[in-house]
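The values are calculated or read from the model by the stated rules, or taken from the named source; none is laboratory data. These figures come from a predicted structure and were not determined experimentally. Because the Cβ atoms are built from the backbone with ideal geometry, glycine has one as well, and the counts that use them run over all protein chains shown.
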Amino acid sequence: MFALGTVIAAILANTKNSAVGPLRIFLRHGAAGLLALGIADSSFLILPFGNDTLLLTLVAHDKSRAWEYVPIATAGSVIGIFLLDLLTRKGGEAGLEKMMSRKRFDYWKNKMNERAAYTIMLGCLAPPPFPFRAVILAASAFQYPCHKLLSVAFVSRFARFSIVAVLAIVFGRQVLSVVALSSEI
């Protein structure tokens, strides 16, 4: 168990300059900051481990609010996915084709035709560097039904954020010590 805590601490230590610093803005606002970051991070802002790091920190600070933070993180992420879906769906396949090579386009089209729900689920569960945004863009551009996209994303993100919250509950002290250390640097 201690080894896993050390791994989490190492991940946070490696993201201190790129993630923890900007996260202070969201951290100050607690649950509202988590919602705002979830929306931004799942739509237009690219901050690897941003939502996970903020959720880890918030739950580590107050374990009793984990039941509140997980649905808020999930809602923020799903709202962000919805916004990204709205923008991408309009452009459709033609818009997506302009953004990538023909080979990459065919790859995503094949994935969405064969196993769209599975691919979306994997994209929502997997941590960076898995191409989460590319999965959502492809699903939307290839007109995967919005209600199905949001349903799969909701269940998958809820599972992911629940796992993150459990890790924060178990390894809270290590998480807080890394966050405190990164704020000194």
- prompt: Within segment 98-120, can you find the residues that are surrounded by fewer than 19 Cβ atoms within 10 Å (Cβ to Cβ), of a type in the set (A, V, I, L, M) and at pLDDT 85 or above?
  reply: A117
- prompt: From the list G38, G5, which residue is over 14 Å from P127 (Cβ atoms), at pLDDT below 85, in a helix (DSSP H, G or I) and not aliphatic (A, V, I, L, M)?
  reply: G5
field: Meets criteria (in contact with a Gly (Cβ under 7 Å, 6 or more places away or on another chain) and either assigned to a helix (DSSP H, G or I) or at pLDDT below 95 (or both)) for G95
entry: no
- line: Taking segment 101-142 and keeping residues in contact (Cβ under 8 Å) with a residue 24 or more places away in the chain and among the basic types (K, R) leaves K109, K111, R133
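Tell me which residues, restricted to segment 49-69, are surrounded by fewer than 17 Cβ atoms within 10 Å (Cβ to Cβ) and either within 13 Å of the chain's Cα centre (by Cα) or of a type outside the set (K, R) (or both). So that I can check it myself, show each step before the final result.
First, pick out the residues of segment 49-69 that are surrounded by fewer than 17 Cβ atoms within 10 Å (Cβ to Cβ): 61-65, 67-68.
If the condition is that a residue be surrounded by fewer than 17 Cβ atoms within 10 Å (Cβ to Cβ) and either within 13 Å of the chain's Cα centre (by Cα) or of a type outside the set (K, R) (or both), then H61, D62, S64, W67, E68 are the ones that fit.
Quick one: would you say L35 is without any contact (Cβ under 8 Å) to a residue 24 or more places away in the chain, more than 12 Å from I169 (Cα to Cα), of a type outside the set (G, A, S) and surrounded by fewer than 23 Cβ atoms within 10 Å (Cβ to Cβ)?
No, not satisfied.
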message: Residue pairs, Cβ under 6 Å, 6 or more apart or interchain, first in segment 49-62 and within 19 Å of P129 (Cα to Cα), second surrounded by fewer than 22 Cβ atoms within 10 Å (Cβ to Cβ) and polar (S, T, N, Q). List them.
response: F49/T15
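Please specify each residue of segment 143-165 satisfying the condition of being surrounded by fewer than 19 Cβ atoms within 10 Å (Cβ to Cβ) and in contact (Cβ under 8 Å) with a residue 12 or more places away in the chain.
Within segment 143-165, Q143, C146, K148, L150, F154, V155, F158, A159, S162 qualify.
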query: From I81, I72, I46, which residue is buried (at least 20 other Cβ atoms within 10 Å of the Cβ) and under 19 Å from R133 (Cβ atoms)?
result: I81
